[in-house]
Amino acid sequence: MSQVKRVARWGGVVLVMLLVLAGIGAGVVYYLISRLDIRAEISNAVEQSTGRKLTIAGRVGVSVWPVLGLEAHDASLANAQGGRAAALVQMDALHVGVEIAPLFRREVVVRELAFDHPRIALEIGRDGAPNWRMQPIGPAPSSQIARQAQDIATSSEFSLRQIRIRDGEVTFFDARRNAGWTLDSADLRAALISMDKPFTVSGVVSYLSHPVTMRLELQSPRLAMTGRAAPMKFSIASELLDAEFDGTSSAATGEIMGQVRASGPSLRRLSAWAGAPIVGGAGMERFAVSGTLGVQNGAYSFSNAGFSLDDARGRGDFVLTQRHGKPYVSGRLEMFDFDFNPYLTGAASAIAPPPDAGAPAGAAGAAPAPIAAPRSLDITQEAGHAAIDFGGLKAVNADLELTTHKMLFQHMRIDHSVLGLVVNDGYLAATLHQLDLYGGSARGRIEVDAREADVRLSQDMTFSGVDANALLSDALHFENLEGKAEVTYSLRTHGRSQSDLINDADGRIHVEVITGALRGVDMGGLARTLRNALNNELISPQARTPFTGMSATFAIADGVLASNNLSFNTPELSIPGIAVIDLRARRIDARMAPRSSRGGIVIPFAARGSFDDIRYASDISDRARREIDARVRQVQAAAR
């Protein structure tokens, strides 16, 4: 116990001695500084070395905390002529740490600086000149303070052990683009060893109420101060963005070039934070990018970049900027395993959540599978009347040369594609140079104009050698046709809902299928075919009819398809026909005239009714043919 008391007693003595010494040091500093005209010395020194007037409106005296030396209150450094802000720098107080020994020689040697609530207004004028570029004026300075101040711009031996900024604010404004930003609540520390050695700044700032931890390393402060490109390393960590940069930066132009790695939990939230909110659509959440970054005039260019967005992965060369107040991306991209659906409609996100970072290898497969978007047309269901949300087309503007692998579009699966894609405020135009899908290929053009509530769609497509069953199953939910198909169609429509789009559909389609089979239909010899048709036994779930060829050209008007050249050939039968398919009413009216492939009697029959209940009857009287043929001519005349 006595030992503890003894330690406490000596500790108290040491503390008192330190306080006494600090008081003596402060007194010595006050006495020595009081013999100097500090206010005039500091103002003259700064003006001679920077070409800017320093105004000290408050008191000047001795600083004991946070540094031992000088302090000046309510100080400001003039802005460049014609600048937007009243001053380049304003501060509540400036604390200057000095070396004590030179004071005895009536000299001031600065080694530390501390700024209380500095407000720094960085600007680039319309002529591209930055307001932080300094120009010394007048003859060579005579005082020690002035000589040391000028060392900042001229001497490689100049150093500051520590620079501290408390509760700082930095604003930036580029008059060329009429844009800028603000950082506040800055608490930073820095050290300057030499004007030609790395200068490091680290600490925390706040941007739009989000704290950001940052670290900046300038390899050559001299180059930076003179506005030339200087090597730089920069890193930030925040709730919305983690990034590292290693390259060069020009303070005079704001241009940046170097290697970057960046990632975050939500591109949507990051864009809103950056002042370019993504409105509408779904997805646009977790992201990552790495590559060569160039920043110039507000545009961010990425070269040889790898990136990910939601579940999509890709690489390419692209430029990210703003147009019409929203993100705009242009360039060349290659995408892997890309689900297009979340970005086409504003439906609830079809993006699977990220796998648990702590899950063992292979556990990621337990994540929910993406939810496929509804088909444009599902012949097994009534058309929907709810308004379709194409908000995703208004979220981002783009002009891209896009290569994809394993792309999902609605229910359609594309193995490989090369296309040009333009998105402009709700208008999408896709020129499909090459699509590999369902064992064949396709090309064409698709346009979606969702700038108004009444959406307009147009498609001009050609498919060659595709698997008819797989294509029609995914596109239309029609699973009864087998074989290799050749399809050409041109389609125009408009509306707000799926029902509207079907009811207004106009255009033409030509289909040829070689060597396949029709499921659910039993057509063999002539006699059996007619017997099955007249007994309503032609169609059954287990039936299957192989054929050697099938073709038809349909005119499309107001959601109705009509053909007068339907041809269906089996090894035993030749069956020409006419047909009307009303997508609005989900009804088919067809007239077939089968005959043996060796010739003989033709005994026609009609197939009429809803998609779910087709009835067959003999048409020897030609009544069905006349009714259906009149409807075919009507549709053909109305088709555009």
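In the stretch 380-478, what GluC sites (Glu not before Pro) fall in a loop by DSSP, with at most 16 other Cβ atoms inside 10 Å?
Taking the stretch 380-478 and a limit of 16 other Cβ atoms within 10 Å, the loop GluC sites (Glu not before Pro) found are E382, E452.
Checking the cross-link filter: which lysines have an alpha carbon closer than 30 Å to that of K197, excluding same-chain neighbours under 8 positions apart?
Once the sequence-local lysines are set aside, what remains near K197 is K53, K233.
With a 1.4 Å probe and every protein chain left in place, tell me how much accessible area M284 has, in Å² to the nearest 10.
Estimated to the nearest 10 Å², M284 gives 30 Å².
Find the relative contact order for the stretch 558-640 and round it to a whole percent, using C-alpha pairs within less than 8 Å whose residues are 6+ positions apart. Present the calculation step by step, with values, prior to reporting the outcome.
Working: 161 pairs, mean separation 21.0, N = 83.
Relative contact order here is 25 percent.
Taking the Cα centre of the stretch 398-479 as origin and charging only Cβ (+1 Lys, Arg; -1 Asp, Glu), how large is the dipole, in debye to the nearest 20?
That gives a dipole near 140 debye.
With an 8 Å Cα cut-off and a minimum separation of 6 or more residues, compute the relative contact order for the stretch 431-526 in percent.
Values: 193 pairs, mean separation 21.6, N = 96.
In percent, rounded to a whole number, it is 23.
Please compute the contact order of the stretch 438-490 in relative form: average sequence separation of alpha-carbon pairs under 8 Å and at least six residues apart, divided by the residue count, as a percent.
35
Please name which of Y438, A468, L481 has its Cα lying farthest along the dipole of the stretch 382-513 towards the positive end, using unit charges on Cβ (Lys, Arg +1; Asp, Glu -1) and the Cα centre as origin.
Y438
Could you work out how far apart the two model spin labels at W181 and H324 are, taking each label as a point 7 Å from the Cα in the direction of the beta carbon, and quote it in nm?
So the two model labels end up 2.5 nm from each other.
Which lysines does K394 reach when only Cα atoms under 28 Å apart count, and residues fewer than 8 places away in its own chain are ignored?
In chain and number order, the partners are K326, K406.
The values are calculated or read from the model by the stated rules, or taken from the named source; none is laboratory data. Because the structure is a prediction, the values reported are computed rather than measured. Cβ sites come from the backbone with ideal geometry, for glycine too, and all protein chains shown count toward neighbours. Just the protein is used for accessible areas: all its heavy atoms, side chains included, with ligands, DNA and RNA removed. Shrake-Rupley method; radii C 1.70, N 1.55, O 1.52, S 1.80 Å.
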